[in-house]
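Only one structure is covered here, and it is reproduced in the block below.
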Amino acid sequence: MISLWLDDRPPIPGDQLDRDSYDVAVVGAGLTGLTTALLLAHAGRHVVVLEARHVGAVTTGNTTAKLSLLQGTKLSTIRRFHSRKVAQSYVDGNLEGQQWLLRFCESHDVPVQRRDAMTYAADPGAQVDRARAEFVAAREVGLPVRWEDRPDLPVPTAGGVVLPDQAQFDPMDVLEALAGEFRSAGGTLVLGRRVVGADKVGSPVLHLDDGRRVAARKVVLATGAPILDRGLYFAKLEPLRSYGFAFDHADAPQVMALSTESTAHSLRDAPGGAAGTRLLVGGAGHVVGRARSEADRLDRLREWTHRYFPGAVETHAWSAQDYASHDHVPYVGALPRGGGDYYVATGFDKWGMASAVMAALNLSAQLHGNTPSWAKPMAHRITGPRGVGRGLAMNAGVGAALAGGLAEAAAHPESRTAPAEGEGRIEREGAVPVATSTVDGRTCRVSGLCTHLGGVLEWNDAEKSWDCPLHGSRFAADGSVLEGPAVTPLDQRSRGEDRHE
Ligand SMILES: Cc1cc2nc3c(=O)[nH]c(=O)nc-3n(C[C@H](O)[C@H](O)[C@H](O)COP(=O)(O)OP(=O)(O)OC[C@H]3O[C@@H](n4cnc5c(N)ncnc54)[C@H](O)[C@@H]3O)c2cc1C
Ligand code: FES
C-alpha cells in the first residue's frame with residue numbers, strides 16, 4: 001500500500017557521509033528531524049541527518065497533513081490530565097509550530113490550502129458532550145472556535161466545533177523543501193543508513209548498520225518511537241495505527257473534519273486527481289498489532305466512505321502509525337540517562353504537523369541552552385493520578401498482548417505447508433515462535449520474536465508485515481525493520497533449525 005503523497009514522486013536525493021564527526025547528528029528524516037536539522041544548520045552547526053529508509057518513509061509521508069490547532073478532542077483530553085497552564089503551553093507551542101511552518105511554506109512556494117477545522121459529533125448523546133467539551137477547552141485557551149448545531153457535512157452529525165482558517169498541504173512537498181533548504185545550508189542528509197546503537201560513555205558515537213561510526217556532540221532522536229531504550233519511552237507510549245484512503249471525488253467537503261467517535265473518522269480534500277478534487281478519508285485506528293484483521297478495518301472504512309460519498313473512486317489506500325504519550329502531551333527534551341547529549345521528540349498522538357515543528361523549535365533552542373517560555377509548563381508538568389492510571393493500563397495491555405502471543409504460538413506446532421499467498425502465521429518450532437509468510441510468491445521464515453524486547457509478532461494482513469503488539473515495531477515479511485523502537489532485523493530461520501537445541 002502506498003500513500004497519495006509518496007506515490008509517483010521522484011526520490012528526494014541525499015548525500016554521502018562526508019565526515020566522521022559533526023556538531024549534531026539528527027536521526028530520522030521526517031518532519032521532526034528535518035525541521036530540527038534545518039534550524040540547527042541555519043544557526044551555523046555542522047549537522048548530519050541519518051535516515052534508515054528515505055525521506056518521509058514512515059509517518060510523515062503517510063499522514064493526513066492537517067495543520068490545525070483544533071485537533072479532534074485533544075485539548076479537552078489534555079485538560080482532563082493537566083492544568084490549564086499545561087494546555088495553554090501545548091496550544092502556544094503548537095501555534096509557534098504552525099506559524100513557522102506556514103511561513104516556511106510561503107517562502108518556499110509549497111502549496112497550502114486554508115481550511116476550517118471541525119470536530120463533530122457523529123450522533124447525539126455522549127459524542128455531543130465530547131465535542132462540547134472540546135469547544136469549552138478550546139475557548140479556555142483562547143482559540144476563536146464557534147459551535148455549529150448542523151455542520152454542513154454529508155455524513156451523520158449532531159453538532160460540531162469549528163476553528164476557522166487552519167491549513168492543509170501535501171506533507172512530501174514540505175519535506176522536499178525542508179531537505180533542499182537543509183542541504184543548501186550545508187547540512188548532510190544520509191539516506192538508507194539505520195542507526196543500530198550508540199556508545200553509552202563519553203560523547204555520543206552512533207553505530208550505523210554498515211558498521212560505520214558517527215561521532216557528534218549532540219544527538220537528536222527524531223525516529224517516532226525513540227530507538228534508544230534508556231529513557232524507557234517505549235513503556236510510556238502507545239503505538240496507534242490507522243488507515244487512509246484517497247478518492248477522486250468532485251464534491252469533497254472543503255473542511256478538515258474529525259469525528260468524536262472512539263474510532264474516529266477523518267475527512268479532508270486535496271487538489272488534483274481525475275475529478276479535479278480528491279476526498280481523503282482516515283480512521284479505523286487501533287493499537288499496533290492488536291487488530292484481529294487490519295484488512296477488515298480497511299474494508300469497513302472503504303464501505304463507510306461509499307455509503308456517504310457515492311461515486312467516489314478509490315485511488316490510494318495506506319496505513320501508518322504514530323505514538324500517544326501516557327499523559328497526552330508530547331515528550332520533548334533531553335533523554336533521561338543520556339548525559340545531556342541525547343534529545344528526543346515523540347508522542348505527537350497523530351497531531352504532529354504543528355507539534356513536530358513545535359518540538360523542533362524547542363529542541364534547537366535547548367541545544368543553544370534555552371527553553372522557550374511557552375514550552376516550560378509542558379517540560380515541568382507532573383504526572384497526576386490519571387496519567388499514572390493510563391500508564392498502568394497501557395502496560396497491562398502490553399502484558400496481556402505478550403501472554404496472548406506466547407499462548408497462541410504454543411498452541412500452533414509447525415506445519416509442513418507454506419501459508420497461502422498474502423498470509424502469515426506464527427508456529428512453534430520446538431519452544432521457539434517462528435513467523436512464516438508468503439508474499440508475492442516467496443515464502444519467508446523468520447524469528448517470531450520482536451528484536452526490541454521479545455514480543456510475539458502478529459501478521460498484518462493489510463500491509464503483509466509482522467507487527468509487534470507490545471511497543472509497535474514492524475518488520476517486512478523478510479524480517480527487515482520497517483519502523484518502531486526495534487533496530488535489528490528478525491533472524492532468518494531455516495526449517496527445523498531449532499529442533500535439536
Ligand atoms: C494515519 C495518520 C494520520 C495523521 N494525520 C495527521 C494530521 O492530519 N495532522 C497532524 O498534525 N498530524 C497527523 N498525524 C501525525 C503526524 O503525521 C506525525 O506526528 C508526524 O508525521 C511525526 O513526524 P516524525 O518526524 O516525528 O516521525 P516520522 O515521519 O515517522 O520520521 C521518523 C523517521 O525516523 C526514521 N528512523 C527510525 N528509526 C531509525 C533509525 N534507527 N535510524 C535512522 N532512521 C530511523 C524513520 O525511517 C522515519 O523516516 C497523523 C499520523 C498518522 C499515523
Ligand atoms: S516493540 Fe518492544 S517488544 Fe516489540
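The values are calculated or read from the model by the stated rules, or taken from the named source; none is laboratory data. Keep in mind it's a predicted model, so treat the numbers as computed, not measured. Cβ: placed from backbone, ideal geometry, glycine included. Neighbour counts: every protein chain shown. In case anyone asks, the SASA skips ligands and DNA or RNA and just uses the protein heavy atoms, side chains included. Shrake-Rupley method; radii C 1.70, N 1.55, O 1.52, S 1.80 Å.
Would it be correct to say that M353 is touching a strand residue (DSSP E or B) at 6+ places or on another chain (Cβ under 7 Å) and either within 16 Å of ligand 2 (Cβ to nearest atom) or of a type in the set (S, T, Y) (or both)?
It is false that M353 is touching a strand residue (DSSP E or B) at 6+ places or on another chain (Cβ under 7 Å) and either within 16 Å of ligand 2 (Cβ to nearest atom) or of a type in the set (S, T, Y) (or both).
So, of the residues in region 195-222 that are open to solvent by less than 40 Å² (accessible area, probe 1.4 Å) and assigned to a loop (DSSP other than H, G, I, E, B), which turns out to be modelled with the highest pLDDT?
The selected residue is A222.
Would you confirm whether or not region 36-46 contains a residue that is within 16 Å of ligand 2 (Cβ to nearest atom), open to solvent by 10 Å² or more (accessible area, probe 1.4 Å) and of a type in the set (A, V, I, L, M)?
No, the conditions are met nowhere in region 36-46.
With respect to the numbered conditions (1) in contact with a strand residue (DSSP E or B) (Cβ under 8 Å, 6 or more places away or on another chain); (2) buried (at least 24 other Cβ atoms within 10 Å of the Cβ), which one is the sole condition not fulfilled by D18?
Checking D18 against (1) in contact with a strand residue (DSSP E or B) (Cβ under 8 Å, 6 or more places away or on another chain); (2) buried (at least 24 other Cβ atoms within 10 Å of the Cβ), the one that fails is (2).
Answer with yes or no whether A324 is within 13 Å of ligand 1 (Cβ to nearest atom), more than 24 Å from G384 (Cβ to Cβ) and either modelled with pLDDT of 95 or more or in contact with a helix residue (DSSP H, G or I) (Cβ under 6 Å, 6 or more places away or on another chain) (or both).
Taking the combined requirement at face value, the residue does not satisfy it.
Would it be correct to say that T73 is touching a residue at least 12 places away in the same chain (Cβ under 8 Å) and buried (at least 24 other Cβ atoms within 10 Å of the Cβ)?
Numbers: touching a residue at least 12 places away in the same chain (Cβ under 8 Å): yes; buried (at least 24 other Cβ atoms within 10 Å of the Cβ): no.
When the stated conditions are applied, T73 does not pass them.
Of the residues L490, L470, which single one is in contact with a Gly (Cβ under 6 Å, 6 or more places away or on another chain), more than 16 Å from ligand 1 (Cβ to nearest atom) and outside any strand (DSSP E or B)?
Of L490, L470, the one residue that is in contact with a Gly (Cβ under 6 Å, 6 or more places away or on another chain), more than 16 Å from ligand 1 (Cβ to nearest atom) and outside any strand (DSSP E or B) is L470.
What number of residues in region 44-86 are among the small types (G, A, S) and within 23 Å of D116 (Cα to Cα)?
So the count comes out to 5.
Given the criterion buried (at least 19 other Cβ atoms within 10 Å of the Cβ) and closer than 30 Å to H316 by Cβ, identify the matching residue among G424, G405, G448. First the steps, then the outcome.
Numbers: G405 fails: closer than 30 Å to H316 by Cβ; G448 fails: closer than 30 Å to H316 by Cβ.
Step by step, each of G424, G405, G448 is checked, and only G424 is buried (at least 19 other Cβ atoms within 10 Å of the Cβ) and closer than 30 Å to H316 by Cβ.
Could you run through region 272-289 and say how many residues are within 23 Å of H326 (Cβ to Cβ) and surrounded by fewer than 18 Cβ atoms within 10 Å (Cβ to Cβ)?
1
Scan region 327-351 residue by residue and report those that are open to solvent by less than 10 Å² (accessible area, probe 1.4 Å) and either within 11 Å of ligand 1 (Cβ to nearest atom) or part of a helix (DSSP H, G or I) (or both).
P330, V344, A345, T346, G347, listed by residue number.
Does A133 fit the bill of being over 15 Å from P13 (Cα atoms) and open to solvent by less than 50 Å² (accessible area, probe 1.4 Å)?
Here the answer is yes, as A133 does meet what is asked.
Just to be sure, is G479 within 16 Å of ligand 1 (Cβ to nearest atom) and either surrounded by fewer than 23 Cβ atoms within 10 Å (Cβ to Cβ) or in contact (Cβ under 8 Å) with a residue 60 or more places away in the chain (or both)? Steps first, answer last, please.
On the way: within 16 Å of ligand 1 (Cβ to nearest atom): yes; either surrounded by fewer than 23 Cβ atoms within 10 Å (Cβ to Cβ) or in contact (Cβ under 8 Å) with a residue 60 or more places away in the chain (or both): yes.
Yes: the conditions hold for G479.
Give the residue that is farthest from ligand 1 (Cβ to nearest atom), with candidates limited to residues of region 244-271 that are among the hydroxyl-bearing types (S, T, Y) and open to solvent by 10 Å² or more (accessible area, probe 1.4 Å).
Among those residues, the one meeting the criterion is S262.
For region 297-312, how many residues meet the condition of being more than 11 Å from F245 (Cβ to Cβ) and in contact (Cβ under 8 Å) with a residue 24 or more places away in the chain?
Summing the residues that are more than 11 Å from F245 (Cβ to Cβ) and in contact (Cβ under 8 Å) with a residue 24 or more places away in the chain in region 297-312 gives 3.
Among the residues of region 56-70 satisfying the criterion of being part of a loop (DSSP other than H, G, I, E, B) and in contact with a Pro (Cβ under 8 Å, 6 or more places away or on another chain), which is surrounded by the most Cβ atoms within 10 Å (Cβ to Cβ)?
Here the residue is G56.
Quickly run through region 251-291 and pick out the residues that are more than 25 Å from A158 (Cα to Cα), touching a strand residue (DSSP E or B) at 6+ places or on another chain (Cβ under 7 Å) and outside any strand (DSSP E or B).
Correct list: G272, G273, A274, A275, V288, G289.
Among strands (runs of 3 or more DSSP E) lying entirely in region 419-463, which contain 3 or more residues that are within 22 Å of V288 (Cα to Cα) and away from ligand 1 (no atom under 16 Å from the Cβ)?
The strands (runs of 3 or more DSSP E) meeting that bar are 424-429, 432-439, 442-447.
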